[in-house]
Each structure stands twice: as C-alpha cells, then as structure tokens.
Amino acid sequence: MSKKGRVFSGARPTGRQHLGNYLGAIRNYVALQDEYDCIYCVVDLHALTTLSDTDKLREWTYEMVLDWLAAGIDPERGTIVFVQSHVPQVVELHLLFSMVTPLGWLTRLPTFKEKVRQQPDNVNYGLVGYPVLMAADITLYKASVVPVGVDQAPHLEFTREIVRRFNHYFGEVLIEPQAKHTEFPKVLGIDGQQKMSKSLNNHIEIAASPEEIQERVMQMVTDPARRYRSDPGHPEVCNVFTLHGFFSPEQVAQIEVDCRSAAIGCVECKRLFARNLADYFAPFRERRAQLASRPNIVWDVLAEGARRASVIASETIAEVKAAVGLP
Ligand code: SF4
C-alpha cells in the first residue's frame with residue numbers, strides 16, 4: 001500500500017516511559033506507521049536548553065527507545081528512529097533559519113515567556129531559538145505531516161511561518177508541513193491533580209512489573225468525597241475511572257454503575273485496574289525483556305536510523321544552500 005506522506009515527530013529523552021507518554025504519544029506513533037512513512041527523533045539537543053541531568057541523556061535515550069521498540073515502533077516497517085544530534089545537518093539548517101526569523105516572533109511566544117518564568121537564572125540563547133531548531137527538525141526531513149494536539153498547533157504554525165518566509169526569500173525549496181490533529185488525552189498522575197510526570201514522581205511506568213503497578217495504583221487518589229465504603233462515588237471526578245476507560249473498556253460501564261451505587265469500593269476498583277493494566281502491558285514487558293537481552297539493539301537501531309536520516313538531511317541541506325546562494 002502506498003503511504004500518504006512522511007510524518008516527523010520528536011520527543012525529549014526522558015527515560016522509561018509512563019502511561020501519559022503511552023496514551024499521549026507512543027500509541028499514536030505506532031498507529032501512524034500503517035498510513036505514513038514515519039520518522040521519530042529523540043531530540044537530545046532540545047533537552048540541553050534546561051541543562052539539568054545532562055549526564056543521564058545516554059541512559060534516558062536508551063530506556064525511552066527500548067520502550068518505543070517494545071511498544072511496536074518498528075524499523076522493519078521502514079520507520080526511522082534516530083537521535084537528533086547524530087545528524088548534525090540540523091544545526092546548519094537551524095542557523096540558516098535563524099537568519100530569516102525575526103527576533104520579535106520568538107520573544108513574544110508564550111512558550112518562551114513561560115520558560116523565562118521557569119528558569120530565570122538560565123535564560124539562554126537556546127531557549128529563544130528553540131522553535132527555530134524545531135522548524136529545522138521538521139523541514140530537514142521533508143516531513144509533510146506532523147501529529148499535534150490542539151494546544152501544540154501554534155508551535156507547528158510557527159514552523160510553517162518560517163518555511164513560508166524562507167520560501168518567499170529563496171524560492172519554493174522547503175515543504176510546508178501540515179498538522180495532523182491527534183487526540184492527546186491529558187493523563188493525570190496518581191495524585192489525581194497534576195499531569196502525569198516523572199519529575200513530579202506521580203507516574204506509573206509502562207515497563208513496571210505487576211507488583212510495582214499494584215503498589216502505584218493503590219496509592220492513587222480517587223473521589224475525595226467518598227470517605228466511606230458505603231458512600232456513593234462520583235466516577236467523573238476520579239482518575240482511576242478515567243484510566244479504566246482506556247484499559248478496561250469492557251468493564252467501564254459497569255464500574256460506573258457500581259461506583260455510583262457504592263456496590264464497588266475503591267480498593268476493589270483499584271485492584272481491578274491494576275490487574276487490567278498489568279495484563280494490558282504483559283506482551284509489551286515480554287518484548288522489552290527480549291530486546292533488552294540484546295544490549296546493542298537500541299544503539300544499532302539508532303545508528304541505522306541516523307544513517308537513513310542523514311541521506312534525506314544531506315539532500316535538503318544541498319538544496320537549501322544552493323537556494324540561498326552559498327558558494
Ligand atoms: S469506585 Fe473506582 S471509580 Fe469509583 S471513586 Fe472509587 S476508584 Fe473511583
């Protein structure tokens with residue numbers, strides 16, 4: 001079957017992935033392979049803008065890519081998986097883009113202002129140029145489609161503006177990528193309050209053992225108004241219930257009824273969820289263990305990915321330089 005185009009998506013190296021990463025990105029990455037040629041990039045250079053834990057980049061890249069491969073991202077199907085810094089042409093394109101990007105565009109971006117608030121002691125040049133590097137990532141690989149959630153659409157629009165500006169100055173050289181609107185559910189952590197995140201330690205890893213899953217799930221905050229087993233519950237405010245929707249699709253309707261009538265208690269409900277979650281990821285854990293027994297597999301996949309990505313990148317850079325007029 002011929003594919004509809006080329007997808008590019010990047011993710012910062014964050015180590016072992018959690019349910020939020022899985023529901024928000026990984027399962028989409030896997031599904032997109034059916035219809036598109038996919039390029040998935042570990043954006044390690046982007047991770048440097050915060051300059052924290054840089055000594056973990058190697059380990060976190062390995063663990064994240066191991067999760068990706070075990071979840072079904074498959075280079076055998078033509079998917080390119082690679083590390084951003086392994087293809088240095090991206091830095092060249094970033095520099096060329098920086099010449100056509102007005103500084104005011106960058107400093108006005110809400111994401112930049114937010115970063116300045118978050119790390120006032122380290123407002124580095126990389127932070128300002130972050131969206132320019134992102135534009136270089138996407139266009140260097142001639143991606144026609146980028147999966148985005150509703151709240152990320154402005155980021156892609158920024159890339160499109162840079163491409164339009166570049167093409168306006170130098171001719172129709174670069175592809176203006178289109179957004180593929182994708183549902184990225186906001187997954188709350190076990191605290192039931194904040195978005196699931198490793199840094200907040202409110203996460204559940206997809207590679208966790210059934211025992212670890214059970215331990216984390218039993219800590220999950222449920223309906224705060226349900227103080228006694230006999231109190232009727234409000235599943236609409238309970239994060240366990242929301243997650244049942246993803247991992248217990250056949251039981252969720254009954255859980256809702258039983259929760260509202262207090263026919264089921266939270267402990268029992270969580271045990272059921274932990275069991276379903278452990279079962280759901282059982283084939284994943286098995287594949288992950290098989291892959292991990294071949295210690296070079298991740299680095300081999302990334303080396304081959306970088307080799308294939310370089311072919312596209314070199315072509316783009318040659319076209320861009322010729323268009324700009326560099327001798
Ligand atoms: S019974 Fe389940 S859905 Fe209802 S409040 Fe407790 S954990 Fe949440």
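Readers should treat all values here as calculations from the given coordinates under stated rules, not as data from a laboratory. Just so we're clear, the structure is a prediction, and the values are computed from it rather than from any experiment. Because the Cβ atoms are built from the backbone with ideal geometry, glycine has one as well, and the counts that use them run over all protein chains shown.
Between the helical axis of 282-292 and the longest alpha-carbon principal axis of the chain there is an angle of about 50 degrees. Ignoring aspartates and glutamates fewer than eight residues from K113 along the same chain, the ones with Cα atoms less than 14 angstrom from its Cα are D121.
Where the only charges are on Cβ atoms (+1 Lys, Arg; -1 Asp, Glu), what is the dipole of the chain about its Cα centre, to the nearest 20 debye? The calculation lands at about 340 debye. When only the Cβ of Lys, Arg, Asp and Glu is charged (+1, +1, -1, -1), the dipole of segment 206-327 relative to its Cα centre reaches about 220 debye.
If you average 1/r over all unlike Cα pairs in the chain and invert the result, what Kirkwood radius do you get in angstrom?
21.6 Å
Between the amide H of L188 and those of M196, distances stay under 5 Å, these residues lying 5 or more places away or on another chain, with hydrogens modeled in the peptide plane. For the Cα trace of segment 1-129, dividing Rg by the Kirkwood Rh returns an Rg/Rh value of 1.00. Rounded to the nearest 20, the size of the Cβ-charge dipole of segment 210-280 about its Cα centre is 220 debye, with Lys and Arg at +1 and Asp and Glu at -1.
Cα centroid separation, segment 1-30 to segment 109-182: 18 Å. Helix content alone sets the calculated 222 nm mean residue ellipticity of the chain: runs of n ≥ 4 DSSP H residues at -39500 (n - 2.57) each, divided across all residues, give -15500 deg cm²/dmol. Distant-in-sequence amide contacts of V83, defined by a placed amide H-H separation under 5 Å and a gap of 5 or more residues or a different chain, comprise V42, A306. Could I have the simple spin-label model distance between R227 and H168, label points 7 Å from Cα toward Cβ, reported in nm to one decimal? The two pseudo-label positions are separated by 6.3 nm. Taking θ as phi - 60° and the Karplus parameters 6.51, -1.76 and 1.60, the scalar couplings of segment 209-225 work out to 6, x, 5, 5, 4, 4, 4, 5, 5, 5, 7, 5, 7, 10, 5, x, 7 Hz in sequence order, x denoting glycine and proline. According to the Kirkwood relation over distinct C-alpha pairs, the hydrodynamic radius of segment 134-245 is 17.5 Å.
When the chain is described by a simple charge dipole with +1 on each Lys and Arg Cβ and -1 on each Asp and Glu Cβ, the residue from Q290, A71, S261 located farthest towards its positive end is S261.
The angle between the Cα long axis of helix 153-170 and the longest principal axis of the Cα atoms of the chain comes to about 10 degrees, rounded to the nearest 10.
Is segment 6-47 rounded, prolate or oblate when judged by the Cα gyration tensor, a ≥ b ≥ c being the square roots of its eigenvalues, rounded requiring a/c under 1.5 and prolate requiring a/b larger than b/c? Oblate. Taken over segment 210-280, the percentage of Cα pairs per 10 Å bin, counting from 0 up to the bin with the maximum distance, is 22, 58, 20, 0. Placing unit charges on each Cβ (+1 for Lys and Arg, -1 for Asp and Glu) gives the chain a dipole about its Cα centre, and among Y62, F241, H46 the Cα reaching farthest toward its positive end belongs to H46. Between the beta carbons of V252 and V324, assuming R0 = 56 Å, the FRET efficiency works out to 0.50 to the nearest 0.05.
In loop segments of segment 84-138 as defined by DSSP, the trypsin sites (Lys or Arg not before Pro) with at most 12 further C-beta atoms inside 10 Å of their C-beta are R108.
Estimated from the Cβ-Cβ distance and a Förster radius of 45 angstrom, the FRET efficiency linking R285 and S314 is about 0.70. Evaluating 6.51 cos²θ - 1.76 cosθ + 1.60 at θ = phi - 60° for every residue in segment 298-311, the Karplus couplings come out as 5, 5, 5, 4, 5, 5, 5, x, 5, 5, 6, 5, 4, 4 Hz, glycine and proline recorded as x. Scanning the chain for GluC sites (Glu not before Pro) that sit in a DSSP loop and have at most 11 other Cβ atoms within 10 Å, the longest stretch containing none of them is 1-171.
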